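Worksheet: one structure, shown below.
The values are calculated or read from the model by the stated rules, or taken from the named source; none is laboratory data. Bear in mind that the values here come from a model prediction, so they are computed numbers and not experimental data. With ideal geometry, Cβ positions are generated from the backbone for all residues, glycine too; neighbour counts draw on all protein chains shown. Ligands, DNA and RNA are excluded from the accessible area calculation, which covers all protein heavy atoms including side chains. Shrake-Rupley method; radii C 1.70, N 1.55, O 1.52, S 1.80 Å.
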Amino acid sequence: MARRVLPGFGLSLGYTLAYLGLIVLLPLAALAVKASGIGAAGLWKIVSAPPVFAALRLSFGAALLSAVINAAVGLLVAWVLVRYRFPGRRLIDALVDLPFALPTAVAGIALTALYAPNGWVGSWLAPFGIKVAFTPLGVLIAMIFVGFPFVVRTLQPVLEALDRDIEEAATSLGASRLQTFVRVLFPLLLPALLTGFALALARAVGEYGSVIFIAGNIPMKSEILPLVIVKQLEQFKYADAAAVGVIMLVLSFLLLLAISLLQRWSRRWAER
Amino acid sequence: MLTNLRRTLLGSLLWLGVAAAGAQAADVSLLNVSYDPTRELYKDVSAAFAAQWKKDKGDTVTINASHGGSGKQARSVIDGLEADVVTLALAYDIDVIADKGLIKPDWQQRLPHNSTPYTSTIVFLVRKGNPKGIKDWNDLIKPGVEVITPNPKTSGGARWNYLAAWGYALKQPGGDEAKAREFVAALFKHVPVLDTGARGSTTTFVQRGQGDVLLAWENEALLARQELGKDQFEIVVPSISILAEPPVAVVDKVVDKRGSRAVAEAYLNFLYTPQAQEIAGKHYYRPYDEKAAAKYAAVFPKVATFTIAEFGGWKQAQAAHFADGGVFDQLGVGQ
């Protein structure tokens, strides 16, 4: 075998695999083992129960929607923070990370207090018949909150590294502002945007702490999938809980895989 | 989440406790694994017991307490949390620990009153002036009334609520299984939020202003009223309710391993002494001791009660009502 330019490949790869195995794969394997007693038929029986299916739909539906919203708003925020200079920019930049730092239970309680019908925001919405807390809308709000930083933080470095020459070139070649954005800038930003989207989505799907306070937790209406797991645990049904966990894991993995394929395609599209 | 954090902190504190116990060999420590609302009660009971033990035996006993949802706490003990004694919300949670062989099967016969040193019942907390005119269980299913209770699937307290409502319907003239099912199904149609635990429901009712009635442990309702404003809430005692019996047990496997059986048993026996019974009354738990009961008679109005025996015991109630596919699932809550 030819000598590589960079030394230490074997050692670092071995370390990487061992570390990944220990930190990521081992707990997941334990989960799979715990669930394996159930079998495929049992698994199907669990998912097809109406309350579980409703929770699954809410968890993944709200998470997807929250990630789409975060992608759109996050792109705007990242753009403003990178492209413009204004007083208080650094402060706003620091604020973006707050949802990361806040314990999720604190976030959940704060959001519930705000959006409850007697809260600051909720009391304004109540006369219009809009209920946020204790409805699926509340779930969406909490998911948007916890997923927000991901899109901004993945886009910022890419936006900063973007060469302004290409925009100037586009303009000088007669492209309108919209054309420049859609045909030149957006394709370059798309891979990072998709990464941010995937991260926000993954975080929202698994989120428990903040959502649980605002959700209302009514079966078939506002119950999220992680709560279904907690309910199984409360009945001391470890295998069933693990089975629902495995289902979440597989669905999340498929979603992330799809996004990663989309990303490769978008990169090729950008390099065209 | 919050309780997890608390438990983590507690876990690290426990290690400190273990280290300290190792340094001073004569001292004993106990771990009491309990449920959420007993925090204040066991703080006082443990202090009183430690003083008594010091006087009688000359040893210093340190009692650590862990609090959380009853089912979650039972799981921690099964998963290896070394509890010398468990003091949980319902016998079923201790039965599950016993099923794993950690506690002898006859645990409920080892102490007086089914191993229950104090009791409580399920009452209604309503807003000041009782604007919806709630007097009894059947008022809860009137149009426009919203009821707050935690989810019976995740909360021990909520199971007491559910069974209390069921028993009420069963005991009405002409009441039978079908009528009870109909009543409880109607009741849960009036529930807009199902929190995972009793404290969560109290917060939803008191702080978020949701609902007209909170179904709660009497001790929790009295505490909420005491802490959050006597002028804002009233307690309504229904015509009939369930006698909630939160039992206690020594965890045999753990005390035999740690050699702490004597002090653990003394601790639980202490709960039945007039002194501890008085403390229980102070913390809004109904004491068995006559003197303590007389002292707090004004706090606890007389209420007709039935017990879990009505449902054939906890194991049977759990299997019939709260297991997956059980009656609660068949009620179609939220549909």
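Quick notes on this structure:
- Ellipsoid equivalent to chain A - semi-axes via the Cα gyration tensor, in Å: 36, 30, 17
- Once C-alpha pairs closer than 8 Å and six or more residues apart are averaged by separation and normalised to the residue number of chain B, the relative contact order reads 22 percent.
- Computed over segment A:1-156, the ratio Rg/Rh where both radii use C-alpha atoms and Rh is Kirkwood: 1.11
- Highest to lowest packing among A:20-30, B:244-254, A:73-83, scored as the average C-beta count within 10 Å: B:244-254, A:73-83, A:20-30
- Estimated dipole of segment A:20-108 in Debye, rounded to 20 [Cβ of Lys and Arg +1, of Asp and Glu -1, Cα centre]: 140
- Here the Karplus relation 6.51 cos²θ - 1.76 cosθ + 1.60, evaluated at θ = phi - 60°, turns the backbone of segment B:63-79 into coupling constants of 10, 8, 10, 10, 10, x, x, 4, x, 4, 5, 4, 4, 4, 5, 4, 6 Hz, with x for every Gly and Pro.
- Each residue of segment B:90-101 was assigned a 3J(HN,Hα) from its phi angle through the Karplus curve 6.51 cos²θ - 1.76 cosθ + 1.60 (θ = phi - 60°); the sequence is 8, 4, 4, 5, 6, 4, 5, 5, 5, 4, 7, x Hz, with glycine and proline shown as x.
- Ranked from largest to smallest solvent-accessible area, with a 1.4 Å probe on the protein heavy atoms, B:W137, A:W124 come out as A:W124, B:W137.
- 5 angstrom amide H check on A:I218, placed H, neighbours 5+ away: A:E223, B:L194
- Close amide-amide hydrogen proximity is noted between B:I148 and B:D212, B:V213, B:L214, B:L215, each under 5 Å apart and 5 or more residues distant or on a separate chain (H modeled in the peptide plane; Pro and chain starts excluded).
- Modelled spin-label separation between A:L91 and B:E265, with each label point placed 7 Å from Cα along the Cα-to-Cβ direction: 6.7 nm.
- Rounded to the nearest 10 Å², the accessible area of A:Y15 at probe 1.4 Å: 150
- Within the same chain, lysines fewer than 8 places from B:K230 are excluded, and of the rest, those with a Cα less than 16 Å from its Cα are B:K128.
- Building the convex hull from the alpha-carbon atoms of the protein assembly as shown and averaging its projection over directions returns 36.9 nm².
- Peptide B:188-196, shielding by other chains (average Cβ, 10 Å cutoff): 5
- Note on A:F213: accessible area is roughly 70 Å² with a 1.4 Å probe, heavy atoms of protein only.
- Largest to smallest in accessible area, the residues A:T180, B:T305 fall in the order B:T305, A:T180 (1.4 Å probe, all protein chains included).
- 22 Å Cα-Cα reach of B:K189 towards lysines, excluding residues that sit fewer than 8 places from it in its own chain: A:K131, A:K221, A:K231, B:K132, B:K135, B:K142, B:K153, B:K171, B:K179
- For chain B, the alpha carbon convex hull comes to 136 Å³ per residue, rounded to a whole number.
- Per-pair calculated FRET efficiency, R0 = 30 Å: B:E310 and A:A49 via Cβ, rounded to 0.05: 0.55
- Based on the convex hull around the alpha carbon atoms, segment B:39-117 presents an average projected area of 5.8 nm².
- Distance between modelled label sites at B:K104 and B:A178, nm, 7 Å Cα→Cβ extension: 4.7
- Across peptide A:210-222, the mean count of Cβ atoms from other chains lying within 10 Å of each residue's own Cβ comes to 5.
- Overall, the protein assembly as shown carries a charge dipole of about 1300 debye about its Cα centre when +1 sits on the Cβ of Lys and Arg and -1 on the Cβ of Asp and Glu, all other atoms neutral.
- Counting only DSSP beta bridges with both residues in the protein assembly as shown, the antiparallel share comes to about 50 percent.
- Computed FRET value (nearest 0.05) for A:L6 with A:R83, which takes r as the C-beta separation and R₀ as 41 Å: 0.70
- Given charges at Cβ of Lys, Arg, Asp, Glu: the protein assembly as shown dipole, positive-most of A:L155, B:N138, A:A198: A:L155
- In order along segment B:214-224, the phi-based Karplus estimate (6.51 cos²θ - 1.76 cosθ + 1.60, θ = phi - 60°) of 3J(HN,Hα) comes to 10, 7, 8, 4, 4, 5, 5, 5, 5, 5, 4 Hz; Gly and Pro are listed as x.
- Extreme residue, positive dipole direction of the protein assembly as shown, given options B:V85, B:T149, A:L25 (C-beta unit charges): A:L25
- Gaussian network model of chain A, springs between alpha carbon atoms under 10 Å - residue of A:P136, A:P99, A:P50 with greatest fluctuation: A:P50
- FRET efficiency for A:L262 and B:A319, using Cβ-Cβ distance with R0 set to 60 Å, rounded to 0.05: 0.80
- Positive-pole candidate from B:V61, B:F328, A:L256, dipole of the protein assembly as shown, charges at beta carbon: A:L256
- Test item: Cα-centred dipole of chain B, Lys/Arg +1 and Asp/Glu -1 on Cβ, debye: 440
- Kirkwood-Stokes translational diffusion coefficient of segment A:72-116, alpha-carbon pairs, 20 °C, 1.002 mPa s, µm²/s: 175
- Every Cα-Cα pair in segment B:269-335 was counted, and those over 14 Å apart are 69% of them.
- Shielding value for B:96-107 is 0, the average number of Cβ atoms from other chains within 10 Å of each residue's Cβ.
- Distance between modelled label sites at B:D231 and A:E160, nm, 7 Å Cα→Cβ extension: 5.6
- Solvent exposure ordering (accessible area, 1.4 Å, most first) of B:E218, B:E146: B:E146, B:E218
- Kyte-Doolittle mean at least 0.5, axial Cα span of 24 Å or more - DSSP H helices of chain A: A:50-83, A:136-161, A:186-206, A:238-271
- The alpha carbons of segment A:160-272 give a radius of gyration and a Dmax of 21.2, 68 Å, in that order.
- Mean projected area in nm² (Cα convex hull; one quarter of hull surface) for segment A:61-152: 6.7
- Cross-link reach is defined here as a Cα-Cα straight distance under 13 Å, omitting same-chain residues fewer than 8 places apart; for B:K295 the aspartates and glutamates meeting it are B:E278.
- Surface calculation, 1.4 Å probe, protein heavy atoms: B:K142 sits at approximately 90 Å² accessible.
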